[in-house]
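K.L.:
My questions all concern the structure below.
The values are calculated or read from the model by the stated rules, or taken from the named source; none is laboratory data. Remember, it's a predicted structure, so these values are computed and weren't measured experimentally. So basically every Cβ, Gly included, is an ideal-geometry build from the backbone, and we count neighbours across all protein chains shown. Side chains included, ligands, DNA and RNA excluded: accessible areas come from the protein's heavy atoms. Shrake-Rupley method; radii C 1.70, N 1.55, O 1.52, S 1.80 Å.
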Amino acid sequence: MMSKTFIRTVKNLERSQFEILRLRIMAFIFALVAGGLFIIMIGYNPVELYGTIISGAFRSKMAIQATIKIMIPLLMSSLGVTLAFKMKFWNIGAEGQIIMGAVFSSYFALFHSNLPHGLLLLIMFVAGFIGGGLWGLIPAIFKTRHNTNETLFTLMLNYIALHVISFLRDGPWKDPGSSGFPKIARFVTNAQLDKVFGIQFGWIIGIILVVIIFIYLRYTKQGYEINVVGESQSTARYAGMNVKKIILRTMILSGGICGLTGVIQSAGSDMTLAASVAGGVGFTAIIVAWLANLNPVGILLVSFLFSILEKGSSVMQSTYGLSTYSAAVLQGIILFFILGCEFFVRYKFVFGNKGGARS
Amino acid sequence: MIERNIENYAIELKGISKKFGSVVANNSIDLDIKYGEILALLGENGSGKTTLMNMLSGIYYPDGGTITVAGKDVTISSPNDAINLGIGMIHQHFKLVEAFNAVDNIVLGTKGKYQKPKVLKEKISEISNKFGLEIDSDKEVYNMSVSEKQTIEIMKVLYRGAKILILDEPTAVLTPQETEKLFRILRKMKEQGSAIIIITHKLNEVMEISDRVAILRKGNLIDTVKTCCTDENKLTELMVGRPVSLKIKRPETDNKKTILKVVDLSVVGEDGREALKNINFKLKRGEILGVAGIAGSGQKELCESIAGLMKIKHGAVLCNKENIIGKTPDEIIDLGISMSFVPEDRLGMGLVSSMGMVENVMLKSYKKNKGFFIDKNPARKLSEQLVKKLEIVTRNVDMPVRMMSGGNVQKVLLGREIESNPNVLITAYPVRGLDINSSYLIYDLLNEQKQKGVAVLFIGEDLDVLLEISDRIMVLCHGEVKGIVDAKNTTKEEIGLMMAGRSMEGADDDE
Ligand SMILES: Nc1ncnc2c1ncn2[C@@H]1O[C@H](COP(=O)(O)OP(=O)(O)OP(=O)(O)O)[C@@H](O)[C@H]1O
Ligand SMILES: [Mg+2]
């Protein structure tokens, strides 16, 4: 008697690098085809539209600069959450950590803007790191002391952070110059990040961070500890590691890097503290980090591709007068296939009774 | 009469091969087993036993070859297919739901209509009576001993109507009494016409239970012999490829000085009960102190308290007269106290399964080199040395240890501990699941350490081995020391009585 199931999934851990690459390329092609069908359905030429996405992201110096600008916060916060994920600490609170980093640094940007420029920026970065780090540390403390669930905890802290901004905007930090409509004042030039090649210098920090995190995870004792703790806490304890200390330290770093993202976004792109400073980046970062398999160099690549898609589809949208929603649907379709591909990397389908012992 | 009745063959394998990358785990294996027969599968660590059986239970696909079950050609592409063909496998890692009771675990995943617990229980007790299994239907799995869990696993397979049973090293974690019980069940099943394949490294068990023995070496089937026409020495020779002496040495050392002194140690275990009760003993340089006792008598807690991993209720552990209670595991490692515990799931403690040998070897020593960065070179060199010295089978020293065969994983663990040049070497169940050759390699290594003046605490299961290798034997029962005896002047019976709870005169003299 054989099982009647016609199709089923089997865990597949034996794929070679080459096979995985082939799968990914195939997923990409499928994504283009499916997206193309959607474009035809709404009455446009897919080749043209895809062309616009690519050219839209690169067509001019300004477009390239805008693409990079989108990429900076995504890259940095992905690196931030990667540290926590390596430790199997499910930090989905990058949003909140970005916001708190921005809030802490904005205090200096708003109220101590007469400090010398270099010193002011330095203080803002330190403050941003502390703000984000603190927001990462809180769930870690509760996790190590009371074994709370960090997923829920970090998620909830996102909302608290959002409300902290609203509170500041409507009350203590409200711009007296704005009549009625509550907002926080624009940062003076002295508190804004300088530009390098026409883009705020956050991109340099992002690239430096890629190198640092890569080295940190692979070649330092602390990185090694993160890996061991992520694999098994009891093994780490057996090896004489101070597991609590490692969790706390790593979450300060993870949150701190997200905090830096907040500084760069507020003082480099928004020039003010807006409630949208994180704007979902902290969640996208989770996808980016996993797609890149928690590899910093991979994160650089994936976040670049994400920002091309983002920038390109906004250009496509305005060129063809598409609605925001159709651009979002297209993005969704492409993401669906790319993420779906990861399923095939880890599992495979077996049809009927094939794949047995017969050679 | 027909000479070869095809119906009698439960399984026939022809030309079965399986490769993992460049490693040939199974090379064109031909093997068969009849209903009403017990076949033992014997082979060194990494010879491909588990892989071969995993292809029968639907976990791996063969790269080539044919499988015939009950005379029909079949393809087995999932554990479900295997069950539908009447093949059930008991893996080393049990797959039970801890929070469920016995009945729920047994029926979990079976198709068919909902049935009242009472009906199910009757059905189960009917099967139990038929094969002599002892099952407490309402007991939750987390309250069960290893042996009870194993019985549930067997019941799961029988409940699904399996006529072919595969057991992968079922006795590695059982006490001798539990093993006897298991064997009684297997014999009953055989009488009822089941086909049974059992993997074990213990030759006495092979001789006792099997009808035939199939020997694998480096992925090849070397020979299949009738158990009645062979003996342990011949089997070892077939398995290893050369004659091996089955005698354990007990070298004499002088200058035995107490290095570790345990005073009135009491520990509360995870379940809230007192796991160690006022333990007192001394461990000397240049000796092997064996620890005997049925599983769960406090062995784990003893190891973990000395290694600084457990909270102590009261008492002291003195290392060179310095109390180490209250020190962190880190500081205890620095004192030269090395502990290696091979748990029942083998990988549980001491190794990081996704990392390669190099990163595992440096687990306890990575802090030694100064600075912020890690230096993998010494660990790499050491790993390569260990591969040679302990004959570890691995593609390279960076291959994740979870891909290694069970025995090789253990060699990595023990090798690391010995290479850390300890003063005190605590090792629990170091040969669990190791093949004969590797076991003797480990015994030699322990003796080598002893001769270097290391104090060795050897927690073992096999009384014969303990009696041969130890200088003194301490017997634990329900967390109490029932006595410490001179290994040369004691008998297996005496130890057995103490394990069951009788107290004896001590041999724990000073200096
Ligand atoms: N999933 C896997 N990926 C890569 N190699 C594997 C995998 N499983 C097994 N191997 C390799 O195949 C060989 C045979 O392994 P197997 O586990 O079958 O040995 P074994 O005879 O059961 O050994 P042991 O007695 O130690 O359990 C080993 O060299 C092992 O490293
Ligand atoms: Mg095995």
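K.L.:
Take every residue in peptide B:361-372, count the Cβ atoms of other chains within 10 Å of its Cβ, and give the average of those counts.
P.N.:
3
K.L.:
Within a 10 angstrom radius of each residue's Cβ in B:322-330, how many Cβ atoms of other chains show up on average? Whole number is fine.
P.N.:
What the average comes to for B:322-330 is 2.
K.L.:
What FRET efficiency, computed as 1/(1 + (r/R0)^6) with R0 = 25 Å and r the Cβ-Cβ distance, is obtained for B:GLU331 and B:ASP264, rounded to the nearest 0.05?
P.N.:
0.70
K.L.:
Also: Give me the aspartates and glutamates in straight-line cross-link reach of B:LYS95: C-alpha distance below 16 Å, same-chain residues under 8 apart excluded.
P.N.:
In chain and number order, the partners are B:ASP104, B:GLU140, B:GLU148, B:GLU153, B:ASP168, B:GLU169, B:GLU344, B:ASP345.
K.L.:
Which helices pass in chain A if a helix is a full DSSP H run, must span at least 27 angstrom along its long axis by Cα, and must have mean Kyte-Doolittle hydropathy not below -1.0?
P.N.:
Those that clear 27 Å and a mean of -1.0 are A:17-41, A:61-86, A:117-146, A:150-170, A:243-264, A:296-320, A:324-346.
K.L.:
Using a 1.4 Å probe on the protein heavy atoms, what percent of the accessible area of segment A:210-294 belongs to carbon and sulfur?
P.N.:
Carbon plus sulfur share of accessible area: 60 percent.
K.L.:
Still on this model: Relative to 2.2 N^0.38 Å, what does the C-alpha radius of gyration of segment B:258-499 come to as a ratio? Two decimals please.
P.N.:
In units of the 2.2 N^0.38 Å rule of thumb, it is 0.99.
K.L.:
I've got another one for you. Which percent of the accessible area of segment B:258-499 is formed by carbon and sulfur heavy atoms (probe 1.4 angstrom)?
P.N.:
49
K.L.:
With each label point set 7 Å from Cα along the Cα-Cβ vector, what nm distance links B:GLN451 and A:ILE287?
P.N.:
The two pseudo-label positions are separated by 6.5 nm.
K.L.:
Evaluate the relative contact order of chain A (contact order divided by residue number), counting alpha-carbon pairs under 8 angstrom at least 6 apart; express in whole percent.
P.N.:
36
K.L.:
Go ahead and collect, in residue order, the members of segment B:33-55 whose backbone nitrogen is under 19 Å from a label point 7 Å along the Cα-Cβ direction of B:PHE20.
P.N.:
Answer for this model: B:42-55.
K.L.:
I've got another one for you. Let me confirm the definition first: pairs of Lys residues in segment A:65-312, 8 or more apart or on different chains, C-alpha distance under 17 Å. How many are there?
P.N.:
14
K.L.:
Say a site is exposed when it is one of the trypsin sites (Lys or Arg not before Pro), sits in a DSSP loop, and has at most 11 other Cβ atoms within 10 Å; what is then the longest site-free stretch of chain A?
P.N.:
Counting only loop sites that pass the neighbour cut-off, the longest clear stretch is A:5-353.
K.L.:
Applying a 10 Å radius around every beta-carbon, put A:96-106, B:187-197 in order of their mean neighbour count, most first.
P.N.:
Averaged packing, sorted descending, gives the order A:96-106, B:187-197.
K.L.:
If you don't mind, another one. Could you tell me the calculated FRET efficiency between A:SER60 and A:HIS163, based on Cβ-Cβ distance and R0 = 41 angstrom, to the nearest 0.05?
P.N.:
0.55
K.L.:
Need the full-extension length gain, B:GLU140 to B:GLU122, defined as separation in residues times 0.36 nm minus the C-alpha distance. One decimal, nm.
P.N.:
4.7 nm
K.L.:
Counting only other chains, and only Cβ atoms inside 10 Å, what mean value do you get across the residues of B:8-16?
P.N.:
1
K.L.:
Arranged from highest to lowest average of other beta-carbon atoms within 10 Å per residue, in what order do the peptides B:481-490, A:44-53 appear?
P.N.:
B:481-490, A:44-53
K.L.:
Points 7 angstrom from Cα along the Cβ direction at A:ARG24 and A:PHE343: gap in nanometres?
P.N.:
Each label point lies 7 Å from its Cα, and together they span 2.0 nm.
K.L.:
Determine the sum of side-chain charges near A:ILE70: Lys and Arg each +1, Asp and Glu each -1, restricted to other residues whose C-beta is under 12 angstrom from that of A:ILE70.
P.N.:
Net of charged neighbours comes to +1.
K.L.:
How big is the B-A contact in terms of buried accessible area, both chains counted, 1.4 Å probe, rounded to the nearest 100 Å²?
P.N.:
When B and A are taken together, about 3300 Å² of accessible area is lost.
K.L.:
In segment B:6-240, if the dipole is taken from +1 on Lys/Arg beta carbons and -1 on Asp/Glu beta carbons about the Cα centre, which of B:THR75, B:MET144, B:LEU203 is farthest to the positive end?
P.N.:
Of the options given, the answer is B:THR75.
K.L.:
Would you mind computing the Rg to Rh ratio of chain B from its alpha-carbon coordinates, Kirkwood style for Rh?
P.N.:
0.98
K.L.:
For B:LYS482, enumerate residues with amide H under 5 Å from its amide H, sequence gap 5+ or separate chain, H modeled in the peptide plane.
P.N.:
Close amide H contacts, sequence-distant or interchain: B:VAL475, B:LEU476, B:CYS477.
K.L.:
Given the Cα-Cα distance of B:ASN396 and B:VAL97 and 0.36 nm per residue of separation, how much length would full extension add, in nm?
P.N.:
Length difference between fully extended and current span is 104.1 nm.
K.L.:
Here's something else I'd like to know. What number, rounded to the nearest 500 deg cm²/dmol, is the helix-based mean residue ellipticity at 222 nm of chain A, given -39500 (n - 2.57) per DSSP H run of at least four residues and division by all its residues?
P.N.:
Using -39500 (n - 2.57) per qualifying helix, the result is -23500 deg cm²/dmol.
K.L.:
How high is the FRET efficiency from B:ALA316 to A:ILE40, r the C-beta distance, R0 56 Å, rounded to 0.05?
P.N.:
0.10
K.L.:
Using 0.36 nm per residue, how much length does the chain from A:LYS195 to A:THR319 gain when fully extended, once their Cα-Cα distance is taken away?
P.N.:
41.8 nm
K.L.:
I've got another one for you. Compute the distance in nm between two label points, each set 7 Å from the Cα along the Cα-to-Cβ direction, one at B:THR110 and one at B:GLU419.
P.N.:
5.0
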